[in-house]
Amino acid sequence: ERMALEHQGEGMEVVLRLTRATLALLQDEVREPRSQATRFAALLPRIASIVQYPDIHTTAALRILLAYLVDRFWWSPTLWKYFLRTLYPDDPVSTISQHACTGSTHLFEQEEVNVFAEGLTLAGLIKNSFRDLVNKQCAEKKTPVCNNNYLMAAIEEAREKLPLLVLTVEKGRHEGLLGVTGYSKPLSVLYSFLLYVDCLIYQLQNLHHSHLPAGNTMVDEKIEDIKCSLLQVQKVPALHPILQSVLNPTCLYSQQQDLHVAANKSIQQRE
């Protein structure tokens with residue numbers, strides 16, 4: 001933490017490398033590395049809302065780690081961008097199309113054991129942490145740390161990608177990829193991308209007009225286009241319930257919804 005404050009650029013890179021390593025261990029398939037990572041997370045200073053126990057569950061460790069990052073490094077543009085990039089590591093269109101080409105049924109053999117549970121849980125927690133970071137900036141009445149050019153480019157990319165995603169999801173639905181018995185990887189990638197879009201919109205809606213870059217007078221129109229595309233995705237039948245829940249208009253932009261409860265239950269049953 002001291003290194004990050006004194007050398008904000010290089011220091012935050014060290015913080016994020018440690019974060020990536022811890023997140024990877026917390027999602028490891030072997031219990032021992034996961035247990036070691038939870039012990040490390042238990043040593044981090046915790047905010048008052050998180051009860052202090054030395055032995056904690058994996059999901060609690062994820063919450064502690066992310067809460068610590070937001071509480072100590074909310075001022076960092078690097079952390080802001082890290083949250084967004086973590087939610088959008090893979091292109092949902094190409095991922096769904098790639099799995100559609102395999103032509104196999106994916107019921108009991110998962111290509112990644114943990115992606116169906118921890119991947120969804122982590123995406124939901126990062127979305128909540130991103131919102132906490134934005135809220136903390138607003139509470140501190142500081143200039144937003146977001147990169148406006150990055151934000152507007154991301155909004156435009158999402159606006160252009162979503163119509164194609166609607167067609168891809170419709171095709172994937174016929175292939176059985178995104179239903180209850182579908183592939184885990186496309187489901188996780190699509191779920192994360194939807195939360196990524198939600199974070200972009202949330203950041204824009206919490207930016208004062210004076211902080212928007214010049215020449216972006218059509219921001220509201222872009223957001224409406226994105227919302228219309230999301231509603232089209234929601235209308236695709238036979239999607240997995242967790243996708244339906246995140247696409248619910250009353251949930252997608254609500255701060256209070258915890259959209260990864262189903263994934264949390266899956267982890268708790270395993271541990």
Among the residues of segment 181-219, which ones are within 21 Å of Asn135 (Cβ to Cβ), part of a loop (DSSP other than H, G, I, E, B) and at pLDDT below 75?
His208, Leu212
Answer with yes or no whether Glu118 is surrounded by 19 or more Cβ atoms within 10 Å (Cβ to Cβ), modelled with pLDDT under 85 and farther than 20 Å from Val197 by Cβ.
yes
Test Leu178 against the stated conditions and say whether it is at pLDDT below 90, over 19 Å from Thr86 (Cα atoms), part of a loop (DSSP other than H, G, I, E, B) and open to solvent by less than 10 Å² (accessible area, probe 1.4 Å).
yes
Go through Arg72, Arg46, Arg63 for me and flag whichever is modelled with pLDDT under 85 and surrounded by 15 or more Cβ atoms within 10 Å (Cβ to Cβ).
Arg46
Counting only residues in segment 242-271 that are more than 25 Å from His57 (Cα to Cα) and open to solvent by 60 Å² or more (accessible area, probe 1.4 Å), the one modelled with the highest pLDDT is identified as Pro249
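The values are calculated or read from the model by the stated rules, or taken from the named source; none is laboratory data. Predicted, not measured: the structure shown is a model, and the values here were computed from it. Please note: Cβ atoms are built from the backbone with ideal geometry, for glycine as well, and neighbour counts cover all protein chains shown. With ligands, DNA and RNA removed, areas are computed over all heavy atoms of the protein, side chains included. Shrake-Rupley method; radii C 1.70, N 1.55, O 1.52, S 1.80 Å.
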